[in-house]
Amino acid sequence: MHEVQKNDRSLWEVVGDYFRANSIWMKWYCTGCGAIEMPPTMTSRFDMEQLGMGPMATPRQADVLLITGYLSTKTLRRVIYSYEQMQDPKYVVGFGSCTLNGGIYYDSYATINQLDKYLPVDLYIAGCMPRPEAIMNSFGELIEMIKKGEAKGWKHYKENHEWYKANQMDSLGEVIIHDEFHE
Amino acid sequence: MTLMNFIYGFLAVLGAFVFQTSLTGINRKVTARLQKRRGPKWYQQFIDIFKAFSKSSITHGWVYDFGAIMALGGIAATVIFIPVAGMQAFPGLDNIFVISYVLAVGMLGMAMSAAGSGNPWASIGVSRALTNMLAYDIPFMVVVFTLIYQHNTGSVSELASIQQGVGILGWNFFKLPLGGIVSVIALFGMLGKKPFDSFIAPAEIASGPMVEYGGKQLGMMFTLHELMTFIEVSLILNLFFGGGETLLIYMVKYAILYTFTNIVSGVMPRFKIDQAVTFFYKVPLGLAFIQGLLVIYLGWGY
Amino acid sequence: MKEVKLFLGPQHPGMHGNYSVHMYVDGDMIKKARPTPGFLHRGFEKLMERRLWMGNLALIPRICVVEPDINEMVYAMGIEALAGVEVPERAHWIRMMILELGRLAIHMMAIGGIGGPTGMYTATYWGIAQRDLILDLFEKITGARIYHMYIVPGGVRKDLPEGILEDVTKVLDQLEKNLPEYEELILRHPIIHARIKDNIMLPESVVWELGVTGIGMRSATGTENDLRKVKPYARYDQVEFDVPTATYSDALTRMQLKYQEMHQSIRIIRQVMEKMPKEGPVRTNFSAGSALRFTVPEGMVYTAVESSRGEYGYFIVSDGKEQPYRIAVRGASYPQGLLGIEKYLTGYRIDDASIWMDTMGVCSPEIDR
Amino acid sequence: MTNSMSNWIETLEKDLGVEVLDSPAKLQYFIDVEHTNVHQTLAYLRHVGFTQMSLLSCIDWIEQGKFQLICILMNWENGVHMLVRTMLDRENPEFTTITDIYPGAVYYEREIHEFFGVHFRGNPTYQKPLFLERWDDMPPLRKDFDPQAYSDSKFPRREHPHVFKTKVVEVTE
């Protein structure tokens, strides 16, 4: 695997990273049960918007993809699609132990065990499921990472595209979605 | 027409953008307070727009790119014609028809660009946006024609200055209360505030025309939206609330009017598009016609 | 080709949870709709055959994310029925309290949640914040906000903490004080009425055809078909409560029934706190040996409880070993979420699709499992 | 059990010609029927008040070489759950659809085909995939399917270094 080189940002990128750190739009995609803690995080009690974060309707507009929990293979195909539709720079946050190592579904025939084989994950949040406090804390961490230019999973994905694609093909067979299967 | 006019025009666009964007940021905080939370920083909207510009972007074909540029250009050009507290870049060119026609260039560009992205949600959104426009424009135009008939002028700055000097009761909003109400309702439709925001409804059509925008084009759309808000609020302010004698008064009035729409829309759900059209053609259009008849036959508001 | 194919979900802001509906639209009208479940499929029924009876307790709350307690309840009821274990009296009452608190939480989320598809975000923000106070109670009682794993076979995991009844009373009082405000804001709003009144109908024939239960059934048939009344479990036969019904089932009626059920839940919890034995054991042991590794006698049983969406049941088969032989889950939203969408989403507008999901009570994780 | 209930059970037994078995839970009974008799049993039960089908499920009795179909019916008037059970051959599991008696069963049948491989004659959609996409193994809820092996072969697991502290702290007291 090819490693992304050390921090050598131009001035423009440093300025851009400041803006990107203070305005993170998340992709509103409830991939798993961690999504149930997102409404409290977004709404009045914990109020994510004070960090400059907010939900966005489509992947094109979003900056961060929250993988809220386990991913079945069927979902993973859509997640990869969504991720590839997002505009650079983009970040991935994995929620809960299911994305880390399969968690409680380690022996399930339908869910994957390790997310970072398929998508570059910038940050993991431990727990099942992460509490809103943990989510807010990790968003603070993500902001710091972006400010320092450490969140460069998207570069990693570009440079190791073949490695990721091979992993995806191994587990999914085919990433292309045949939505006509249902008809 | 000298160089000064052009410099003023440029400054007007810049000032309108800065003012309206700060106001949007403050209003995000107001909405947050309405929802019992703290809300973002007041300059969050600037960060959002600049961030969008700092991202990479892709194209969905030249119609999409060209439409976005045309929309931004058209809207920015319209801002120049808006009289602000008696100041304007090109005196004498602020006729209401000029403004509505130049504005149409921007609207058309937006529709073109969104439809050019090829996403069906965007097409539905565009068709809803145009339907919505048709809905609020007709009652609003009836009221504007009444005004023009009454004062024998189509110049926005003149219409504004006629109302000045006699205090609050000189405003068209109080002289022609029915028309004033219609215009404020139409303002909700123009700004896309709830209950008339079905064309960008995220839960129904995934933010409609904006569905395929990302990166720089999204930044352009946000800038455009701020400028368009400035045009629409200014128009209503000049026509019905007496514009402003000085820049400060204008800005204060503007802020109050915009915050009012924002607070009201904070506790409103949205109409379906057909319900919005029915509503506009029932209540505001009726009021507008009654207002017109009262002005023409009974001499109201002189 | 006049029809356009649109995807409502899985990543669409109007879709609650990871679920998808393929819509073939002509203009704004939905001509054909096809549900696509399976995005949340984890193979629970297979996994549960591989875990110990007690180990499954970690899995089952995750079947229905928004309302996990009912899972624990049906699972515990099934095992207790198979093993013939009698649950201590106090545990019954504590279970009822937990179940009704869970019902309050999900109804609060649903009433706030109608703000999502209709665009009134203030309602959502307030509703979810109100629900959070109930989650705080859960945290005090069970130690977790969402997945409690509190109702275990043989009783409840541990006794209530000291002074919790005062906290519950406080939260209930506050909720009761705020509820009229929510009703004013949401259920009496003229534009909300324009959106959901006389819209999204559920006629009685459809209820019987699909097998819709819960609020859908009660709002259409006018019968008190509530499992808490029809075959009372725990100690529901010893508390007084009404089952709100209606005979005209549009989306507004169903929301109003939810609102009325919240009042009934508050009433039940108050009675529970009054009538519950003040002390006593809360858990019976299954075996003399390890509390985690026990066997359950051979047999099969179906247990069901009334969830917020209807009859929620587990079919449990034991072959006398340490693991279950087979567990099948009857998700309460299975009928309306699959066949209901396929047959009865057609003819509505795109605008109504997400309200349809919301008010019919489609919960994707329990469909997918 | 009240007297009227036992009378009602007796009537059922007489009309259906089968034995109604008790179950561990209250207000719940089993009926075992041949798979050819299922439909007339269901039709009769629907007629006498079991208007709702709660669940259609399947058990894989691998040692006996059988699949067992369970149809759980609910009578809302007296709150009785009736579990109608029937055995199918495991080698060639075939059954006739019950969707004309209980229309809500159509997706349950599709699910059972996906998870167990039971074929339902007369249900036009049962063979389409429902929950799984691009499934390439035997139906997963059969007992001889090993999800652990499938997961290991397809989804790589994080390799933990397994560095545990080996030093044991002695308590000297």
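Hey, fewest Cβ within 10 Å first, where do C:99, C:135 land in order?
The most exposed by this proxy come first: C:135, C:99.
Assuming 1.306 mPa s and 10 °C, estimate D for the stretch B:3-298 with Stokes-Einstein, Rh taken as the Kirkwood radius over Cα pairs, in µm²/s.
81
With unit charges on the beta carbons (Lys and Arg positive, Asp and Glu negative) and the dipole taken about the Cα centre of the stretch C:213-369, which residue among C:344, C:334, C:234 sits farthest to the positive side?
C:234
Ranked by Cβ crowding within 10 angstrom, fewest neighbours first, how are B:123, A:72 ordered?
Starting with the residue having the fewest Cβ neighbours, the order is B:123, A:72.
Within the stretch D:138-160, name every residue whose backbone N is under 12 Å away from a label modeled 7 Å from Cα of residue A:166 along the Cβ vector.
Within reach of a label on residue A:166: no residues.
Roughly how compact is the protein assembly as shown, stated as its Cα Rg over 2.2 N^0.38 Å to two decimals?
Taking the Cα Rg and dividing by 2.2 N^0.38 Å, one obtains 1.02.
Might you report the magnitude of the Cβ-based charge dipole of the protein assembly as shown about its Cα centre, with Lys and Arg at +1 and Asp and Glu at -1, to the nearest 20 debye?
2160
To the nearest 10 degrees, how steep is helix B:247-266 against the longest Cα principal axis of chain B, on a 0 to 90 scale?
60
Given charges of +1 on the Cβ of Lys and Arg and -1 on the Cβ of Asp and Glu, with all other atoms neutral, how large is the dipole of the stretch A:11-176 about its Cα centre, in debye to the nearest 20?
280
Could you give the DSSP H helices of chain C that reach 20 angstrom or more along their long axis (alpha carbon positions) and whose average Kyte-Doolittle hydropathy is no lower than -1.0?
C:69-83, C:89-113, C:121-142, C:164-182, C:251-275
Checking the table A:117/C:46; A:155/C:5; A:74/C:158; B:55/B:272; A:152/B:193 against a 30 Å threshold on Cα-Cα, which pairs fail?
The answer is A:155/C:5; A:74/C:158; B:55/B:272; A:152/B:193.
Just to be sure I understand the model, the point goes 7 Å from the Cα along the line to the Cβ. What's the resulting residue C:204 to residue C:170 distance in nm?
Using points 7 Å along Cα→Cβ, the separation is 4.8 nm.
Given Cα pairs under 8 Å that are at least 6 residues apart, what percent is the relative contact order of the stretch C:4-368?
It comes to 27 percent, rounded to a whole number.
Given a 10 angstrom Cα cut-off, can you work out which residue in D:82, D:138, D:74 is the most mobile in a GNM of chain D?
For chain D, modelled as a Gaussian network with Cα springs under 10 Å, the answer is D:138.
Tell me which of A:52, B:164, D:80 sits at the most positive position along the dipole axis of the protein assembly as shown, charges placed on C-beta atoms (Lys, Arg +1; Asp, Glu -1).
Farthest along the dipole direction, towards plus: B:164.
Under a GNM of chain B (C-alpha, springs under 10 Å), which listed residue has the highest mean-square fluctuation: B:218, B:237, B:169?
B:169
Sort D:77, D:159 by Cβ crowding within 10 Å, fewest neighbours at the top.
If I rank by nearby Cβ atoms, fewest first, I get D:159, D:77.
By how many degrees, between 0 and 90 and to the nearest 10, does the Cα long axis of helix B:120-151 differ from the longest principal axis of chain B?
The helix B:120-151 is inclined about 10 degrees to chain B.
Using Cα pairs under 8 angstrom and six or more residues apart, how large is the relative contact order of chain B, in percent?
RCO, chain B: 27 percent.
Which of these, D:52, D:148, D:28, has the largest mean-square fluctuation under a Gaussian network model of chain D (Cα springs below 10 Å)?
For chain D, modelled as a Gaussian network with Cα springs under 10 Å, the answer is D:148.
If R₀ is 22 angstrom, what is the calculated FRET efficiency for the pair residue D:144 and residue A:174, using the beta carbon separation as r and rounding to 0.05?
The value I calculate is 0.25.
Find which of A:29, D:28, B:57 sits farthest along the positive direction of the dipole of the protein assembly as shown, computed with +1 on the beta-carbon of Lys and Arg, -1 on that of Asp and Glu, about the Cα centre.
The residue sitting most towards the positive pole is B:57.
Determine the shape class of the stretch C:1-125: with a ≥ b ≥ c the square roots of the Cα gyration tensor eigenvalues, call it rounded for a/c under 1.5, and otherwise prolate if a/b is greater than b/c, oblate otherwise.
Here the stretch C:1-125 falls in the oblate category.
Counting Lys and Arg as +1 and Asp and Glu as -1, each charge on the Cβ, what is the dipole of chain C about the Cα centre in debye, to the nearest 20?
820
Mind listing the Cα extents of the stretch A:11-176 along all three principal axes, in Å, largest one first?
Projected onto the principal axes, the Cα atoms of the stretch A:11-176 cover 40, 36, 25 Å.
What FRET efficiency comes out for residue B:3 versus residue B:137 if R0 is 35 angstrom and r is the Cβ-Cβ distance? Round to the nearest 0.05.
According to the calculation, E is roughly 0.45.
For a Förster distance of 41 Å, can you work out the FRET efficiency between the beta-carbons of residue D:91 and residue D:44, rounded to the nearest 0.05?
0.85
Every number in this text was worked out from the coordinates using simple rules, so none of it is lab data. Because the structure is predicted, anything quoted here is derived from the model rather than measured. Neighbour counts run over all protein chains shown; Cβ positions are idealised from the backbone, glycine included.
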